[in-house]
Amino acid sequence: MVDQMQELQDQITKLLESALNQIQAAESTQILQQIRVDYTGKKGQLTQVSKAMKNLSNEEKPQLGQMINYFHREFNQVMASKEEALKAKELQAQLASERIDITLPGRRNFQGSRHIITQTREELENLFLGMGYQIVEGPEVELDSYNFEKMNLPKNHPARDMQDTFYISSEVLMRTHTSPVQARTMEKHDFEKDGPLKMVSPGKVFRRDNDDATHSHQFHQMEGLVVAEKITLADLKGTLTQFAKAFFGQEREIRLRPSFFSFTEPSVEVDVSCFKCGGKGCNICKDTGWIEVLGAGMVHPNVLAMSGIDPEKYSGFAFGVGIDRVAMLKYSIDDIRHFYQNDLRFLSQFKGGQNRC
């Protein structure tokens, strides 16, 4: 038994020497963990030696226990010291690999905003909402009957030539103005229940225009309509005066010139006093002191009748604002194509809208 005891002590001494050498040679905490498992784990080398204790006498068991405790004490002390050193080394290596060079200029994130056409449309919508109007939208692919016939433009009417049209079929087309929304709304409106009709209809419209500085095959309109009893041209002028002052400046005045639109009678072109020269004459107003901004007029009795409204009892006025046009005038933009070419040098100049993307 003495020989066996001595043999076990020698094994433990050699295991401790080997373990300490491996610990000192370890280059990472992962290797240290593996050494711990190899020597003190459930199937480790020291654990296997400890199993021999059951074959020793009662006098020898405490001696072997002391040797095992000594192993653990020396092993854990050296292990802890080496582990602390390796963790510090690994932390320094990680910091070096993840270091950010703060001397480099930062990369600025691009911040966009809503398109200038959207901003202008929202400004107009807010203006008319404040005047008690409702906003109504309708389909961009429209029926000929709503786009033309209910606007007092029957088939073969020569005024149709003023609006070159994209036809999908003989009866379906891309709308050339937002007036069809007015016809659809008038058909559904109940004056006894809902009272006077006050609406604006903004949206995209399409015409076969040649693309140049002032024309585009796609552009934006906002048409307004008021129908009630005893509406007169004076109501139209008052409304458009308020619009001109709110949108172009409180010093602005308007004038009405006779014109022709098939869906209004009488019809007028609306000019606003030049907001650059104050009416003195400049390159913007072509030395006239006035700038044409929109068309308007009293709703034609035929238009009211075709929508089921009694023209003997009700009257109304309508107007059409080119959103692209008033944006060009307000911001001195010389080419409508700038709106659609996605040139950031142009678009970045108009960041006045809220709720930026």
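Here, each number is a calculation from the coordinates, and none is a lab measurement. Keep in mind it's a predicted model, so treat the numbers as computed, not measured. Positions of Cβ are generated from backbone atoms using ideal geometry, with glycine treated the same way; all protein chains shown enter the neighbour counts.
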Cα-based Kirkwood hydrodynamic radius, the range 1-96, one decimal, Å: 14.5
Please compute the length gained on full extension between LYS61 and LYS89, using 0.36 nm multiplied by the number of residues separating them and subtracting their Cα-Cα distance. 5.9 nm
For the chain, what is the calculated [θ] at 222 nm in deg cm²/dmol (nearest 500), taking -39500 (n - 2.57) for each run of four or more DSSP H residues and dividing by its residue count? -12500 deg cm²/dmol
Could you pull out every one of the lysines with an alpha carbon less than 28 Å from that of LYS193, ignoring same-chain neighbours closer than 8 positions? LYS150, LYS230, LYS237, LYS313
Mind checking which helices in the chain clear 20 Å along their axis (Cα) and have mean Kyte-Doolittle hydropathy of 0.5 or more, DSSP H runs only? 233-248
Report Rg/Rh for the chain, rounded to two decimals, where Rg is the Cα radius of gyration and Rh the Kirkwood radius. 1.58
Label zone at MET53 (point 7 Å along Cα-to-Cβ), backbone N below 20 Å, the range 2-21: 2-17
State the number of lysine pairs found in the range 1-96 whose Cα atoms come within less than 18 Å, restricting to pairs 8 or more positions apart or on distinct chains. 7
